[in-house]
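Student: Have a look at this one.
The values are calculated or read from the model by the stated rules, or taken from the named source; none is laboratory data. Small disclaimer: the values here were computed from a predicted structure and weren't measured. Glycine gets a Cβ as well: all are built from the backbone with ideal geometry, and neighbour counts include every protein chain shown.
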Amino acid sequence: MHLLMSSEPHTAPIQEEVDAQLAFSTESDATISLADKWLRDCIAQDTACAGERQSAVWDKALPARLICVDGEGSSWQSARVVETNRLSSNTPYLTLSHSWGDGKFLKLLSTNTTQLYSSIPVDQLSKTHRDALSITRRLGYRYIWIDSLCIIQDSNDDWRSQSAQMASIYGNSTCNIAAENASESGGCFIRRNPLMQRPCQLTHSSDLDPAEGVYAHRYHTANWSAFPEYYYSPLSLLTRAWVQQERILSPRVLYFGGPEIHWECCSFQASEAWPNGSPSQDHGFDEFYPLKAAFESLITPFTNWGRDELNRFVYELWHHGVFREYTAADLTFEKDRLVALAGIVGVIQRRTGMTYVAGLWKEFLPMELMWRKMDAPVPAQKHLEPLPWKAPTWSWASVKGRKRFDLSALQKPEDDNILYCSRILKYVIEPLDVAQPILGEVSGGTITVTGFLAPLVRPSPAETMEADGPNRFKKPKDIALDIDLPPSTQLFYFCLMKTRDNETTLTNKGLVIAKAVAETEEQKDGAKYAGSYIRVGVFVSSFKSGMGSVFDGVDETSVTIC
């Protein structure tokens with residue numbers, strides 16, 4: 001068992017003292033009252049979560065549909081789907097984040113719209129949906145947005161139209177209810193032993209002040225690296241890609257489904273164990289950005305910042321605060337990898353004026369091409385099969401798994417240590433649906449860049465990494481592959497940057513590429529595949545000055561990568 005230690009009392013005040021009465025179920029009145037207190041205090045305070053934040057980055061508009069929860073007082077009796085064109089644009093509503101599981105629950109379809117517009121049959125709802133409707137009413141709200149009941153699930157047009165509005169749907173909501181660690185059959189509420197959740201006071205020998213001591217609270221260490229800003233148990237729901245976006249876009253989130261309820265807004269995190277906020281002492285997470293706070297930094301008006309300075313700030317927040325964990329998140333349909341990030345991307349693009357190119361930012365090309373799979377194998381160690389097409393090979397969305405960027409993209413060509421930096425000559429993006437485009441979603445794309453091209457000789461499994469020959473890499477860390485191709489495939493180094501690290505060491509870095517092979521008759525007829533390459537991986541090679549490199553005597557050229 002691991003303990004979270006704090007010298008701060010369980011009931012340290014914020015606006016006024018809050019002392020959560022831990023009950024045997026998170027469905028209790030005491031638990032809902034605490035959630036209501038967090039929500040009302042946040043709305044009342046002039047904080048980063050206030051309504052004015054939305055107007056800076058998205059339009060004040062309601063989703064096309066909401067669920068109206070009817071009842072008396074805090075109890076709900078019935079529900080129905082309503083179109084919002086007759087509601088005031090200021091109508092408050094909640095949203096729900098949940099795991100679809102096997103998806104065997106009531107959904108809005110083109111065949112049952114009339115029925116659900118009249119009345120939603122409660123007995124056909126999942127327990128999570130029923131609990132969410134109950135929470136909505138008990139918190140004093142009448143409307144909630146649930147994706148499966150507010151988007152016509154068998155209409156591609158409706159799905160595309162509403163998916164493109166995710167930023168405003170979640171951003172304009174009052175609060176998001178997140179059903180974490182809850183299967184559809186499990187619901188939002190859980191029975192628990194309250195004594196296991198409440199911090200206990202560990203006193204010391206001093207009798208001067210009986211309030212002094214250390215407060216201990218149990219936590220779980222699994223997957224802390226994925227959500228380091230949390231002081232409480234990680235939430236499995238947050239491993240879902242769509243939910244990560246929903247969490248970041250929503251001004252406030254209430255987490256149900258675990259042994260405690262949790263609260264998160266742009267400036268405050270709390271739980272039933274620590275209802276007045278997380279302990280302020282250092283827990284070793286200073287190097288990480290809390291995601292909601294990082295996102296708030298992106299949409300807060302800046303003063304006295306130049307365009308380059310702003311873009312670099314955004315770029316660092318993007319990669320440290322969003323990118324790494326999002327690329328490792330789960331998706332039911334891997335083809336949605338770029339779409340499920342479109343809401344966040346749209347806000348950044350609107351806020352900064354930067355241009356999004358199939359998962360990359362144009363302002364930081366070509367070095368943004370240097371993304372790397374964090375578990376990428378070296379040649380001859382593992383064979384990876386290419387996945388079905390989802391994005392151009394130069395986009396991180398083309399392969400699964402957590403990735404990171406080479407932050408040399410933040411360097412400028414005029415920096416003293418840069419001896420050579422590639423240039424983008426041209427890029428072409430083909431949207432999947434021209435009539436109803438979704439930001440980031442593509443059916444194809446090419447990028448033409450300058451650099452130095454040299455053949456790469458791959459070692460066989462029997463060879464060592466120190467094999468002779470100027471075109472062989474020398475250490476496993478020098479090269480990392482996204483996919484592996486048959487041994488007969490000729491691979492190439494394509495150098496994008498040359499730097500002088502110090503007086504004696506130089507470094508070349510760039511892509512590992514292979515000639516593109518058309519897989520369909522349509523591709524064979526396409527001019528873009530003639531002479532094009534595909535990205536296979538990345539390399540970084542450092543060497544002593546005067547030792548020479550594989551690119552000595554090679555002239556600069558340009559290649560097109562698809």
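Student: Among the numbered criteria (1) within 27 Å of Asp552 (Cβ to Cβ); (2) out of contact with any helix residue (DSSP H, G or I) (no Cβ under 8 Å at 6 or more places or on another chain); (3) modelled with pLDDT under 90, which one does Pro486 miss?
Tutor: Condition not satisfied by Pro486: (1).
Student: Ok, one more. Taking the conditions exactly as written (assigned to a loop (DSSP other than H, G, I, E, B), at pLDDT below 55 and either in contact with a Phe, Trp or Tyr (Cβ under 8 Å, 6 or more places away or on another chain) or under 23 Å from Leu87 (Cβ atoms) (or both)), does Glu229 satisfy them or not?
Tutor: So Glu229 fits the description; yes.
Student: Of all residues in the range 66-113 being polar (S, T, N, Q) and part of a helix (DSSP H, G or I), which is nearest to Ser126 (Cα to Cα)?
Tutor: The residue in question is Thr113.
Student: Which of the residues spanning the range 110-127 are modelled with pLDDT of 95 or more, buried (at least 18 other Cβ atoms within 10 Å of the Cβ) and small (Gly, Ala, Ser)?
Tutor: none
Student: For residues that are in a loop (DSSP other than H, G, I, E, B) and closer than 29 Å to Val357 by Cα, scanning just the range 552-562, find the one that is nearest to the chain's Cα centre (by Cα).
Tutor: Cys562
Student: Inside the range 533-562, can you point out the residues that are touching a Leu at 6+ places or on another chain (Cβ under 7 Å) and surrounded by fewer than 13 Cβ atoms within 10 Å (Cβ to Cβ)?
Tutor: Those that are touching a Leu at 6+ places or on another chain (Cβ under 7 Å) and surrounded by fewer than 13 Cβ atoms within 10 Å (Cβ to Cβ): Ser545, Thr557.
Student: Within the range 280-334, take every residue that is at pLDDT 70 or above and among the aromatic types (Phe, Trp, Tyr) and give me the one that is nearest to Ser250 (Cα to Cα).
Tutor: Phe295
Student: Could you grab the pairs with beta carbons closer than 9 Å, sequence gap of 6+ or different chains, first residue in the range 342-366 and without any contact (Cβ under 8 Å) to a residue 24 or more places away in the chain, second one part of a helix (DSSP H, G or I) and of a type in the set (D, E, K, R)?
Tutor: Thr355/Lys362; Thr355/Glu363
Student: Hey, could you check the range 140-172 for residues that are of a type outside the set (D, E, K, R) and touching a Cys at 6+ places or on another chain (Cβ under 8 Å) and say which is nearest to Pro63 (Cα to Cα)?
Tutor: The extreme case among them is Gln162.
Student: Enumerate the pairs (first residue in the range 147-162 and assigned by TED's automatic domain parsing to the domain that holds Leu62; second residue anywhere and hydrophobic (A, V, I, L, M, F, W, C) and assigned to a helix (DSSP H, G or I)) with beta-carbon separation below 6 Å, excluding pairs fewer than 6 apart on the same chain, so at least 6 apart or on different chains.
Tutor: Ile151/Trp159
Student: Against the condition in contact with a Ser or Thr (Cβ under 8 Å, 6 or more places away or on another chain), among the β-branched types (Val, Ile, Thr) and crowded, with 17+ Cβ neighbours inside 10 Å, how does Ile135 come out, does it pass? Break it down into steps so the answer makes sense when it comes.
Tutor: On the way: in contact with a Ser or Thr (Cβ under 8 Å, 6 or more places away or on another chain): no; among the β-branched types (Val, Ile, Thr): yes; crowded, with 17+ Cβ neighbours inside 10 Å: yes.
In short, no.
Student: Right, next: Going through the range 92-109 one residue at a time, which ones are loosely packed, with under 15 Cβ neighbours inside 10 Å and at pLDDT 90 or above?
Tutor: Of everything in the range 92-109, just one residue is loosely packed, with under 15 Cβ neighbours inside 10 Å and at pLDDT 90 or above, namely Leu109.
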